[in-house]
Amino acid sequence: MSLSENKIQRKKIGAKDQIIKDSKCLFLLIRGGEAGAPVRSAAWVARITRNGKTRKSTLGHWPDMPVERARKERDRLIGVNTDLAVS
């Protein structure tokens, strides 16, 4: 399921952290808080595997970095390191 700005804005915070997959290795990490409150801030995370080891890189924070810009940053990161596997 690909995320959109509208889907993120409609999402509600839960008591626990939520990790929502966008596409390829891009995820949106929403910190837990007051259940039912709207998402005000979240972090874009790319999860990349290299030589059997998984590494997570924070690309930026939503809403400062919208979905499209997060995808471009992910593609730039993976494009530079072509030996990285996407998980």
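If you go through the range 25-38 and pick out every residue that is touching a strand residue (DSSP E or B) at 6+ places or on another chain (Cβ under 9 Å), surrounded by 10 or more Cβ atoms within 10 Å (Cβ to Cβ), farther than 17 Å from GLY60 by Cα and of a type outside the set (A, V, I, L, M, F, W, C), you end up with 2. In the set (1) exposed (fewer than 13 other Cβ atoms within 10 Å of the Cβ); (2) modelled with pLDDT under 90; (3) assigned to a loop (DSSP other than H, G, I, E, B), ASP64 fails one condition alone, (2). In the range 1-59, the qualifying residues are those that are hydroxyl-bearing (Ser, Thr, Tyr) and over 10 Å from the mean Cα position of the chain (by Cα), and the one that is modelled with the lowest pLDDT is THR49. Selection of the range 14-31 for residues being without any contact (Cβ under 8 Å) to a residue 24 or more places away in the chain and among the charged types (D, E, K, R) yields LYS16, ASP17, LYS21, ARG31.
Output the qualifying pairs, or none if there are none: Cβ atoms under 8 angstrom, residues six or more apart or on different chains, first residue in the range 32-51 and at positive phi and of a type in the set (Asp, Glu), second residue open to solvent by 50 Å² or more (accessible area, probe 1.4 Å) and in a strand (DSSP E or B). Between residues of the range 32-51 that are at positive phi and of a type in the set (Asp, Glu) and residues that are open to solvent by 50 Å² or more (accessible area, probe 1.4 Å) and in a strand (DSSP E or B), there is no close pair.
The values are calculated or read from the model by the stated rules, or taken from the named source; none is laboratory data. From a predicted model like this one, the values you see are computed outputs, not experimental measurements. Note that each Cβ is placed from the backbone with ideal geometry, even for glycine, and that neighbours are counted across all protein chains shown. Surface accessibility is based on the protein's heavy atoms, side chains included, excluding ligands, DNA and RNA. Shrake-Rupley method; radii C 1.70, N 1.55, O 1.52, S 1.80 Å.
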